[in-house]
1. In the stretch 103-142, which residues are touching an Asp or Glu at 6+ places or on another chain (Cβ under 8 Å) and within 15 Å of THR78 (Cβ to Cβ)?
2. So, in the stretch 43-62, of the ones that are modelled with pLDDT of 80 or more and hydrophobic (A, V, I, L, M, F, W, C), which residue ends up nearest to GLN100 (Cα to Cα)?
3. Whether any residue in the stretch 53-68 is part of a strand (DSSP E or B) and more than 16 Å from LEU148 (Cα to Cα) is what I want to check.
4. Looking at (1) free of Cβ contacts under 8 Å to residues at least 40 places away in the same chain; (2) in a loop (DSSP other than H, G, I, E, B); (3) among the β-branched types (Val, Ile, Thr), which one does THR93 not meet, given that it meets all the others?
5. Among the numbered conditions (1) charged (D, E, K, R); (2) without any contact (Cβ under 8 Å) to a residue 40 or more places away in the chain; (3) surrounded by 13 or more Cβ atoms within 10 Å (Cβ to Cβ), tell me where ARG70 comes up short.
Amino acid sequence: MRLVMAAVLAVPMACSDVTPAPFHTRDSAGVTILTSDHPLWADGHGWTIESVPLLSIGDVDGDPRYTLDRVLWPQRLTDGRIVAPNTRSGILTIYDAAGQYLTELGGQGEGPGEFLFMGHVTAGVGDTIQVYDADLNRITIFGPDGRLRRTVRIETTGYYYGVMVGWFPPVSG
């Protein structure tokens, strides 16, 4: 593993005019951890963030399709669509890659496709949208077409607030 990691790190360094940073390795329960005391780039060549966003969705007032409320865990699907989870209302608002409103899913409640508390939202395999409801202890899965595909109940011994990793297989149908 160390040899593979060294080879992976050596290629970008060999192709640049940047002096490689000294790496230190340590082991943590059988996992090799590489750390560096210095950046891998020369002065004045570090990362930058654009001053103007590439895309901005939302309005303070106006069209309710763009008036977002407590959006957490937005996701971009492979086709560019953007899922904006409005956690206060329990609504997933879907926009195209340019930020134009397409549709919305869900809502506040306990019925199929509804949510009491969106604990986490993940873009899953095959552009499924997976929503963990922390109050109902269930995961709701919408297909890429927006149709409700499956609801999976999670048995717990108490209140759980976690993050889904996305182990679900593709949902056909």
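The values are calculated or read from the model by the stated rules, or taken from the named source; none is laboratory data. Please read all numbers here as calculations on a predicted model, not as lab measurements. Quick reminder, even Gly has a Cβ in these numbers, built from the backbone with ideal geometry, and neighbours come from all protein chains shown.
1. Narrowing the stretch 103-142 to residues touching an Asp or Glu at 6+ places or on another chain (Cβ under 8 Å): 106-108, 115-119, 127, 136-137, 139-140.
The one that is touching an Asp or Glu at 6+ places or on another chain (Cβ under 8 Å) and within 15 Å of THR78 (Cβ to Cβ): ASP127.
2. The qualifying residue nearest to GLN100 (Cα to Cα) is ILE57.
3. Filtering the stretch 53-68 down to residues part of a strand (DSSP E or B) leaves none.
Looking through the stretch 53-68, none of the residues is part of a strand (DSSP E or B) and more than 16 Å from LEU148 (Cα to Cα).
4. For THR93, the exception is condition (2).
5. So the condition that ARG70 fails would be (3).
One line per residue, one yes/no per condition, for (1) surrounded by fewer than 10 Cβ atoms within 10 Å (Cβ to Cβ); (2) of a type in the set (Val, Ile, Thr); (3) over 21 Å from GLU114 (Cα atoms):
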{"site": "VAL31", "(1), (2), (3)": "yes, yes, yes"}
{"site": "THR35", "(1), (2), (3)": "no, yes, yes"}
{"site": "GLY46", "(1), (2), (3)": "yes, no, yes"}
{"site": "GLU50", "(1), (2), (3)": "yes, no, yes"}
{"site": "PRO53", "(1), (2), (3)": "yes, no, yes"}
{"site": "GLY58", "(1), (2), (3)": "no, no, yes"}
{"site": "GLN75", "(1), (2), (3)": "no, no, no"}
{"site": "ASP79", "(1), (2), (3)": "yes, no, yes"}
{"site": "ILE91", "(1), (2), (3)": "no, yes, no"}
